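Structure record follows, encoded as structure tokens.
Rule-based calculations on the coordinates, nothing more; no lab input. Here the structure is a predicted model, which means the values were calculated and not measured. Glycine gets a Cβ as well: all are built from the backbone with ideal geometry, and neighbour counts include every protein chain shown.
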Amino acid sequence: MLRVADEVAAALADGRPVVALESTIIAHGLPRPDNLRVAAEIEDAVRSSGAVPATVAVLDGEVRVGLDEAALERIALEAGVEKLSLRDLGPGAASGRPGATTVAATAHAAALAGIGAFATGGLGGVHRGAATTFDESADLTALAATPVVVVCAGVKSILDVGATLERLETLSVPVVGYRTDRLAGFYLSDAGHPVPWRADAPADVAAMQRARRALRLPQALVVANPLPPAEQIDPELHERVLADALAAADAAGATGKAATPFVLGRLHEGTAGESLRANVTLVLRNAALAAEIAAS
Ligand code: PSU
Ligand code: MN
């Protein structure tokens, strides 16, 4: 059921660094055909920083950890690739159809394969209006139960970031700012909230994770790596376009697992590619940092 690519298995057996990568961002978070190029760039970023990339997806009834070129192309370009969160992993694999894994599902597969580090863009979390819709990403509960280091640019800015931080605290998931005391804001450098912990080097993160392992703590360690201010989206543009995107999602009735891809798509259109550029930049930076942490 779990097929670990030869290169990934060999690296793990030798104790060399490996970084898991999610595929939902490829299939549902970035527009085609650029997404295929970006998927390869993310893997290159991991390699250049000294680790073996292991992109996770479901193909032909198996959870694949590490994709070859053909498999990556199927996930990026094939029509009807499912978005698979943790609840969907069993039915998705049994269906035989291709599926892209979210943060929740990828973290689970990474831990199962013995991979300690994982890179993504922005975490899922508590959606705005969750008090009435109950829409909270399954990323949260998966992070509470999966002992991997997750490098991200904070929480997706389309969410209720403050509520997400509260939930992470309740779930005992540590959030560590990388070279900052502020929470990274996905497209923005600063989400407007402080973080409880800080690391200034990959070795600091490795030391935290070593301590967590020794103490048998079952949660993920979240490392929030901010975009430098020069690379962020103009905050005013962000606020304006986000308000439109959220209203459009409401009007279109985009709920459940369709909500996040819908809003991200609207943002990419509404910012004339600015959010896309920022999204790609932050993912590449996270992939590189995750590789350094894995090596450390
Ligand atoms: N980060 C991105 N783009 C994405 C996602 C994260 O930059 O597309 C995906 C991740 O796979 C994350 C998912 O796990 O969105 C969250 O979706 P939901 O809110 O439906 O759980
Ligand atoms: Mn949801």
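The magnitude of the dipole of region 1-69, with charges of +1 and -1 set on the Cβ of Lys/Arg and Asp/Glu and taken from the Cα centre, is near 140 debye. Normalised by residue count, region 139-260 yields a Cα convex hull volume of 101 Å³ per residue. Charge tally around Gly192: other residues with Cβ under 15 Å, Lys/Arg +1 each, Asp/Glu -1 each, net -3. Tell me the net charge near Ala109. Cut-off is 10 Å between Cβ atoms, Ala109 excluded, with +1 for each Lys or Arg and -1 for each Asp or Glu. Taking every Cβ under 10 Å from that of Ala109, the sum is 0.
Here is the size of the chain from its Cα atoms: Rg then Dmax, 17.4, 52 Å.
Taking only the Cα atoms of region 1-44, the ratio Rg/Rh comes out at 1.07, with Rh defined as the Kirkwood radius.
With both residues required to sit in the chain, DSSP beta bridges show an antiparallel share near 30%. What percentage of all Cα-Cα pairs in region 109-188 are separated by more than 21 Å? The answer is 25 percent, as a whole percent. The distance between label points at Arg47 and Ala207 comes to 3.4 nm (points 7 Å beyond Cα on the Cα→Cβ vector). Rounded, prolate or oblate: which one fits region 1-91, using the alpha carbon gyration tensor with axes a ≥ b ≥ c (rounded when a/c is under 1.5, else prolate when a/b beats b/c, else oblate)? Here region 1-91 falls in the oblate category. The residues neighbouring Arg3, those whose beta-carbon lies less than 14 Å from its own, together hold a net charge of -4 under the Lys/Arg +1, Asp/Glu -1 convention.
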